[in-house]
Each structure stands twice: as structure tokens, then as C-alpha cells.
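Read the structure below first, then the notes.
The values are calculated or read from the model by the stated rules, or taken from the named source; none is laboratory data. Since this is a predicted model, take the numbers as computed values, not measurements. Here the Cβ is made from the backbone with ideal geometry for all residues, glycine too, and neighbour counts use every protein chain on show.
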Amino acid sequence: MIALLLRDLKLAFRAGGGFGLGLAFFLIVTVMVPFAVGPQSSLLATIAAGVLWLGALLACLLSLDRLLALDWEDGSLDLLATAPLPLEAVVTVKALAHWLTTGLPLVLAAPILGVLLNLPVPGFFWLIVSLLVGTPALSVIGTFGAALTVGLKRGGLLLSLLVLPLYVPTLIFGAEVARRGAIGMETQTPLLMLAGITAATIALLPFASAAVLRINLR
Amino acid sequence: MTLTVTDLTITRGGIPVLEALSFVLEPGRALILRGPNGIGKTTLLRTLAGLQPPLVGKIEGAEDQIAYASHSDGLKPTLTVTENLIFWALVFGTDSIQPAIDAFALNELTDRHAGNLSAGQKRRLGLARMLVTGRPIWMLDEPTVSLDKDAVQMFADAVRAHLAQGGSALIATHIDLGLDGDILDVGANKAKPGPLDDFDGGFL
Amino acid sequence: MSIAAKANALWEYANPRKFLATSERVLPFFWITSMVCIGVGLVWGFFFTPDDYKQGSTVKIIYLHVPAALMAINCWLMMLVTSLIWLVRRHHVSALAARAAAPIGIVMTLIALVTGAIWGQPMWGTWWAWDPRLTSFLILFLFYLGYVALWEAIEDPDTAADLTSVLCLVGSVFAVLSRYAVNFWNQGLHQGASVLRAGAVTGTDTEEKVSNIFFYPLLVCIIGFVLLFVALVLYRTGTEIRARRIKALLARERVGG
Amino acid sequence: MIPDLGKYTDTVLTSYAASILLLAALIVFSVLRGRKVRAEMEKVEQRMTRNG
């Protein structure tokens, strides 16, 4: 399992691995927002938490179609499926690698972009906390979507259509934590819900992803 | 490990392609799979490797014993030859990749990125992966594609060494490898279509 | 007949040919009764019920809005059950019934949303409010779209049935989660704005407050919608079975059988 | 004939029109596709029984 994780990380960092693309996308999207809604700092402050969450979510989504498709194309998935490693472990490791290469950098970059959007000071802490707790769920749910669409030629668009509705609860609670934090309201309830969703998806969804992947490998 | 297949029916896209297939593959033996294109040799190998369930029949002795090599080699172009092999060695829990490198004369290429290899070199690397797995039953799907004469000889030697150590091999190929293996022609097992008006769960 | 034997007899309809024969026999009954029920219910509701003291004549929309909303949810539940049956017992008809039902669910959700928006305009002063109920239906609509899109995208019918079934199961869990999340989210947004809650206008509150005058025609409409749903599912499942047979026949022709 | 709907005439009538239109469209499309598929299946079946 560690070997697979290390290989995926290595592949992501090597040339053409796509590391940093998600981050750049996140940056671009955030920078575009003031152009769209106007430069008033009060307005930006109000929507900053939500925009950053949405941007992180889209950046996550962007890198999903490569998550399993590359291993599918070159036959690695067939070989991994016949390896001693259970497929459940494979998809979990894949999700973890995706989070380390996409989710974690987004969490670290979010506060910097928060400055650009005039996020209120108390919001920074909660933004980081909410993203830290929420983005693993995005990676795990995304892996499920990637497993569903892995064999398809026009999988990318379909993947978004399938995954985005599944992202709704995570987005609602995650953005709620960040927004409440920014205006100094209590954040415990949404944070607990967010953590609950993340824990439950990590515990259960890999089984669904592995089942779906097995069907697709047939 | 003896692989025993009894009365197997396999499907491709929900339609039976081969039926009533039975054979035994004992340690130290090789079985050459023959049959016209499209008859279902790849499907058979995938079924035996556990990637898809058979429609009918039993496969015994295959669980966690099979090293499967499909048409594609599962190589990562941005990893070096050594890194590719080490990865599969770690996944299969074996330690040494040197015998595999020796057997397929990859010594000169160890630090090259797999993406920079020629088609034949890639194929050699893909076959070297079989040695690294440490699994007793090899299943190879057209292993000699894009190999030159020397490389084919290399491959035949590797298979022979594997058999001598008590392994076995099931190879779908059209060329003569010079192995003293049995030949299994699956052409005779082509599934006969059922009556058209027998409209059941298979929609036929 | 014992219960086990009865259950076995029920599974016989999983045979496509048997299903086609039986559905053909019962379909006229469902078509006619559904049309009669919807016709009677709508005419009764439209011409022979008084206006609501608060909402005026807009209350008549209830005869379409509520049955459509009910069917939108029940249709997903039916798909969930048939998906499970397919995954557990591998009856093809079951998977195809789920596929056949999805577009009906889309239309029902669309009717609920459209009538809700048109109704909301005079009542709330806006076409669309991000009210929890409306939002949940919008999300349900997205789930339906994704489900249908996945069916359409996959070539191999059995793979498609398997994948969409798993999507239906996972989607159901997330749909329920979304429902709670949305409830929570809107309270968070505007506290105390629950005057706008759809439940105050439609749903059970009205039925309890506003007597049987509205309730009986509504009930007739609901029965009509259920019957129409059954008729459509039976008919469309038949279509899917035939489409599937065409596919199997053509595949066999290609193999050269 | 149409009862007095007061100031909400448009609202009520549009809802009814939109809903009935959607339902009708669903039924019509289902039946059209059903007929087409049925005809095609018979065609394919006949062709295949003729050819063996």
C-alpha cells in the first residue's frame, strides 16, 4: 500500500504529472471573482468564505478524471486487481494520494487567497479548519465518481455531473463553518456534521468505489 | 499449484463465447492457447485471472497464484525501468528484481524512463514484471508482440526456467516458442447459440 | 398457496417474456383508470372547490403540485428497490424497470418545481426562493440527471445496470444527507424566515387546517398519478426489454450465430 | 365555464398548462419510442429467423 502511495506521489510530482494544476486553477478562479462581482471590499468579505470553498471544490473536481483513468489506460489497474492488494485498499490509497497532491495544497493556499478576497480575520482559522476537515471527503467521493466513469471515453463531463450532487452536503457544511467563523458565530454544529460526513465517507465509500471498479474491469 | 478448470463457460459483453472448457495445468507444464482471432482467448485469460466471473463452471487453484500479463504492460512512462519493477515487487511482496533484469537483458536500461523505451524494450520490461511477482502460474496474452528474434528466445528461456522451478504457464500465442507444452485449441469450444425464441434473462 | 410459493411466483415475472405478456394484459386497465382518476380529480378540484381564504384560487395548483412531488420521491424509492433487487438477485427486468422509471421521475420533479415556482411568484413575491424543500427537489433533479446520463453513457448493458444501481444506492444516502444539510443551511441563512417554508403553504399543514374540501379531490389526483406512474413504468419497461433484446440479437449477429 | 379565479387566473392556468403539457409530452414520447422499438425488434427477429 505504501509502495502504491509513494508511486502515485512520485508520478504526480514528475513532469506531466499534473501537480500544481489544481492549485493554479484555484488561484485563477479566485482572482476572477472580483472581476465578476465588483471590487467592493464589504461584498467580497461577505462572499469570501463561500467563494474559496467553491474554488477548492472545483479545483478538486478538475483533477479527478486523471485519478484512475491513467492507470486504466496503461493496464496498471488490471494488474493491481490481480495483485495481493485488495481493491478497497487501492482506491483508498488513490484517494489519499489525490488528497495529498490536490486537497492539502489547496488548504495551504486558501488563506493567501483569503487575503485577496478580504476575508475577515477570524475567518482564516475556520477556513483552514473547515477545508482540512472537508477536503478528504471531496477526494474520497471523487474517487467513487472516477471509478464509476473510468472506462468511458467522454468520462470527464459525466464525472462532474455525477460527483457535484454528491458534493452538496460537504459544501454546505464546509462553507457554513467558514462563513460562520468569519462573522464570529458558533461553528461547532456544522463542523461536527462536516467531520461526520468525512469520517463516514472515508469508512464506507471505498467499498462502493472498489465494487464499481471491479464491475468496470470486467 | 495445479490449476483445474471444469466445464467453463465465459462471456464477453453478456454473450457466451466459449463453453464446456475443461483442462488441467500442472506445475512444471506449459499450455499454449490457440484459436482464431476473436474466439475469446483474452476473455478466457481475464476470467482465469479473476477479473471477470465465469457464467458457468469452476476454476480451482487460481486464487492469488496468477501473474497476468495483458496486451498493455502497466508501465509508467515517467518512472525508470528499475522504479517500475521495484513498484511491482513491493506490491507483490517480493524482494529481488535483479533476476528479472538479467533474464530480459535490461541491465543497460535500468535508469531509463519507461517512456523512452522502444516498443520491444517496453514489452521486455512488461514480461520481466512476471518474474518479479513471484507467482507460480503465468498467464500471458500474446507476449511476443513487438519482440525481435533474440527477445523471443530470451522470453522462451525465461518461461523454461520458470517451468523448471515448478511453475506453470498459460500462453495465448500464434508463434512456436519451442516449448514442449501441450496445445489447447479452444476453437472447438466456441459457444453454440441457443434458440432465438428462448427469450430469457439473457434476452436471447 | 404458501408464502414461499407466492414469492416464487412473483419472481417469475422477472422473465422478460412473462413480464411482457402480463404487462400487456394489465396495461389498458392502468391507462384508463389513471386517466379517469386524474381527470375526475382535476375537474373536481378545478371547478368544484372554493378558493382558499388566504391564497385565493392558487390553492388549485395543489392538485398537480403535491401528487407530482410525491411521485418524484416515490419514483426514486422505487428505483432504489429495483436496483437492490438487480444487485442481489440479478433479474434483468428489475434493472430495466429502474432505467424506465428515471425519466418519469425527472418529469415529475420538473412538474413539482415548475408549479412550485409559478405558485411561489404571487405568494412569496419571487419565482424562486432557496427554500429547503425547493432546494431539495432541485438536488433530486440533479441526481436524476446524473443517473440517466450514466445509463446513456455505458455501452455494455449489464455493466450499465450494475453501475447505475450502485450510483442509485450511494446517491440515495447522499440525497438524504443533502436534505438535512439543506434544512440546516437555510435556517443558518435567514433565521425565522419560515413563513416562506413551503410546508406552511402546501404539504400536510394545509390538509389538516383546510378541511376535506381540498383533501378528497387531492386524494383522487394522487391515486391517479400513482396509477399513471405504474402504467408508464410497465410500458416503458417493456420498451427497454425490447431494446435490450434488439441489442442482444444484433450482438449475436455480429458474433455470427 | 371557467370559474372565477380572481387575480390569480394567470398563475393557476399556467401551472395547469405547464403540468399537463409535461405529462402529455412524457406519455407521447414513451409511446412513440415504444412503438419504434417494438417494430424494430420484430424486424430484427424476422431477419434473424430467416437467416438461421
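Things worth noting here:
- Positions within region C:121-180 being closer than 29 Å to C:Q55 by Cβ, in a helix (DSSP H, G or I) and free of Cβ contacts under 8 Å to residues at least 24 places away in the same chain, in sequence order: C:Q121, C:Y180
- Options A:G156, A:G114, A:G184, A:G151: the member that is more than 26 Å from C:L167 (Cβ to Cβ) and modelled with pLDDT under 90: A:G184
- Condition check for A:L132: in contact (Cβ under 8 Å) with a residue 60 or more places away in the chain and either within 13 Å of chain C (Cβ to nearest Cβ) or out of contact with any strand residue (DSSP E or B) (no Cβ under 7 Å at 6 or more places or on another chain) (or both): no
- Yes/no for C:A69 being within 12 Å of another protein chain (Cβ to nearest Cβ), assigned to a helix (DSSP H, G or I), surrounded by fewer than 16 Cβ atoms within 10 Å (Cβ to Cβ) and hydrophobic (A, V, I, L, M, F, W, C): no
- Residue satisfying all of: in region B:92-123; under 18 Å from the mean Cα position of the chain (by Cα) and within 14 Å of chain A (Cβ to nearest Cβ); surrounded by the most Cβ atoms within 10 Å (Cβ to Cβ) among these: B:R123
- Residue match in region B:74-84 (condition: assigned to a loop (DSSP other than H, G, I, E, B), under 27 Å from A:L67 (Cβ atoms) and within 12 Å of the chain's Cα centre (by Cα)): no
- Count of residues meeting criterion [touching a strand residue (DSSP E or B) at 6+ places or on another chain (Cβ under 6 Å) and more than 11 Å from every other protein chain (Cβ to nearest Cβ)] in region A:73-101: 0
- Filter pass, C:G41 being assigned to a helix (DSSP H, G or I), surrounded by 16 or more Cβ atoms within 10 Å (Cβ to Cβ) and touching a Lys or Arg at 6+ places or on another chain (Cβ under 9 Å): no
- Region C:102-128, residues that are surrounded by fewer than 17 Cβ atoms within 10 Å (Cβ to Cβ) and among the hydroxyl-bearing types (S, T, Y): C:T126
- Under the condition of being touching a residue at least 60 places away in the same chain (Cβ under 8 Å) and within 14 Å of chain B (Cβ to nearest Cβ), the residues counted in region A:161-218 number 5.
- Consider region B:1-47 and keep the residues that are touching a Lys or Arg at 6+ places or on another chain (Cβ under 9 Å) and acidic (D, E). The one that is farthest from B:I175 (Cα to Cα) is B:D7.
- Those strands (runs of 3 or more DSSP E) lying entirely in region B:129-187 with at least 2 residues under 26 Å from A:L85 (Cα atoms) and hydrophobic (A, V, I, L, M, F, W, C): B:137-141, B:168-172
- Leading residue by the ranking (surrounded by the fewest Cβ atoms within 10 Å (Cβ to Cβ)) among those in region A:1-56 that are of a type in the set (S, T, N, Q) and part of a helix (DSSP H, G or I): A:S42
- B:A69 being touching a strand residue (DSSP E or B) at 6+ places or on another chain (Cβ under 7 Å) and crowded, with 18+ Cβ neighbours inside 10 Å: yes
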